[in-house]
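The values are calculated or read from the model by the stated rules, or taken from the named source; none is laboratory data. Given the structure is predicted, the values throughout are model-derived calculations rather than measurements. Cβ placement follows ideal geometry from the backbone for every residue including glycine, while neighbour counts extend to all protein chains displayed.
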C-alpha cells in the first residue's frame, strides 16, 4: 500500500510539472518546427457585429464609439446591440446611436446564449464579429481579423486581449497569468488552432455559425470549436487587439469558475475533443483538460506526501507548507514589502487552482451574466 501511495505522489507531481512547464516547452518546440502560416489578404466582407449586453450603461457609449471608429467600410457594417433584459440605461444609450443607420437594438430575455442566438438570426454579414461591452478595440482590429479569411482554411479568427498595467501586485499577478495563457494560445495557433477564442474579440464565418444550446457558458469555445470540428482552423491574430482594465483576484476567481465549468460543458457537447478524431487532441488534453485536473493532482500529491520515505518526506512537506503558507499570508503582506513580489503570484496561482476545483461542481449557467469588476487604471 505504501508503495502505491508513493507512486501516486510521483505521478501527481509529474502530471503537475508537465501541465505547468512540460507542455509549454513541448509546444514551443512544435511551434518552431511545425509552424503553419496563415495566408492573409485584406478583402472587405460584410460584417455583423454582435454586442450582447445586460445592464452595461457604464461602458456602452464608449464601446459603440470604439466600434464606429473602426477602420472598416461603414456600408459593410451592421452593429447589433442585443440587450438581454437590461434594467438600467443601456437601451436608451443604444437608441441614441440607431440613427446612424449602422446600429440596431434587439431586446431579448433568457441569458447570453439566447441573446447571441437572436443576434445571429438577424445577422446579414458574411462574417460575424463577437465582442463584449467593456473592452476598447484597436481601430484596425476588425480589418485585420477579416484579412485572415482570405485563407480558406480559416473558419474563425480570434484577436488578442491586452490587459492594461495594474496598480497593485495582485492585479499584476492576474495579468501575469493572462500573459502565460496568451503565450500558449499563440503557439497553438501557429501549429494549427487554438481551442477557443477570446470572447471579447473574435470573428467567425457566418456559414459556420450554429445555434448555441440554452445555458451555454462559453460561447467563445462552442462556436469556434464547431468550425474547428468541421475541418477549419481557429487562429489567433496578434494584430487584432482589444484592451481591458486590470481585474481584482476576487472577480477573476468568479470568472474562472465560470469559464472552467464551461470547459466541462464543452466536453459534454463535443466529446470527440477527447479522441483522436480531434486533430489537436494533444493540445486539448494538455491545455484544457489538464488544467481542470491540476488542482486534484496537487491535492493527491499533498495527501500522499506522508507515505514518502524519511529522507524525502520532510523536504516535500516543508516545500508545500512554504508554498501554500506564502499564498495564504499574502493577504496580510503590504504591497511595499519585497516578499509581496513572490507571495502575490503564489496567491493568484492558488486562487485560480481553487476556481478550477470549484468548477467541477458547477451545474448552472446562472452566473453567465455576472459582472466582472475592474478598476480603471489611473492615467
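Among the residues of segment 150-172, at least one is more than 30 Å from residue 26 (Cβ to Cβ) and at pLDDT 95 or above. Would you mind telling me which numbered condition in (1) in contact with a strand residue (DSSP E or B) (Cβ under 9 Å, 6 or more places away or on another chain); (2) in contact (Cβ under 8 Å) with a residue 24 or more places away in the chain; (3) part of a helix (DSSP H, G or I) residue 178 fails? Going through the list (1) in contact with a strand residue (DSSP E or B) (Cβ under 9 Å, 6 or more places away or on another chain); (2) in contact (Cβ under 8 Å) with a residue 24 or more places away in the chain; (3) part of a helix (DSSP H, G or I), residue 178 breaks only (2).
So, restricting to helices (runs of 4 or more DSSP H) that lie completely within segment 1-106, which ones have at least 2 residues that are closer than 30 Å to residue 298 by Cβ, at pLDDT 95 or above and within 26 Å of the chain's Cα centre (by Cα)?
2-17, 23-33
Looking at 117, 144, just one residue is buried (at least 17 other Cβ atoms within 10 Å of the Cβ) and more than 18 Å from residue 200 (Cβ to Cβ), and that residue is 117. With respect to the conditions (1) over 21 Å from residue 173 (Cα atoms); (2) assigned to a helix (DSSP H, G or I); (3) modelled with pLDDT under 90, residue 341 falls short on a single one, namely (1). When 230, 197 are checked against the criterion of being in contact with a strand residue (DSSP E or B) (Cβ under 6 Å, 6 or more places away or on another chain), touching a residue at least 12 places away in the same chain (Cβ under 8 Å) and under 23 Å from residue 129 (Cα atoms), a single residue qualifies: 197.
So, residue 293, is that one under 22 Å from residue 14 (Cα atoms) and at pLDDT 90 or above or not? Against the criterion (under 22 Å from residue 14 (Cα atoms) and at pLDDT 90 or above), residue 293 qualifies. If you go through segment 262-289 and keep only what is assigned to a loop (DSSP other than H, G, I, E, B), free of Cβ contacts under 8 Å to residues at least 24 places away in the same chain and out of contact with any helix residue (DSSP H, G or I) (no Cβ under 8 Å at 6 or more places or on another chain), you end up with 276, 277.
Taken over segment 290-325, the residue count meeting the criterion of being surrounded by 19 or more Cβ atoms within 10 Å (Cβ to Cβ) and free of Cβ contacts under 8 Å to residues at least 40 places away in the same chain is 0.
Regarding segment 106-117, can at least one residue be identified that is in contact (Cβ under 8 Å) with a residue 60 or more places away in the chain and closer than 23 Å to residue 141 by Cα? Looking through segment 106-117, at least one residue is in contact (Cβ under 8 Å) with a residue 60 or more places away in the chain and closer than 23 Å to residue 141 by Cα. If the condition is being part of a helix (DSSP H, G or I) and within 12 Å of residue 199 (Cα to Cα), then segment 221-243 contributes 221, 222, 223, 224. Pick from segment 200-227 the residues that are more than 14 Å from the chain's Cα centre (by Cα) and within 19 Å of residue 133 (Cα to Cα): which of them is surrounded by the most Cβ atoms within 10 Å (Cβ to Cβ)? The extreme case among them is 203. Among the residues of segment 355-379 satisfying the criterion of being surrounded by 14 or more Cβ atoms within 10 Å (Cβ to Cβ) and at pLDDT 85 or above, which is nearest to residue 171 (Cα to Cα)? The residue in question is 355.
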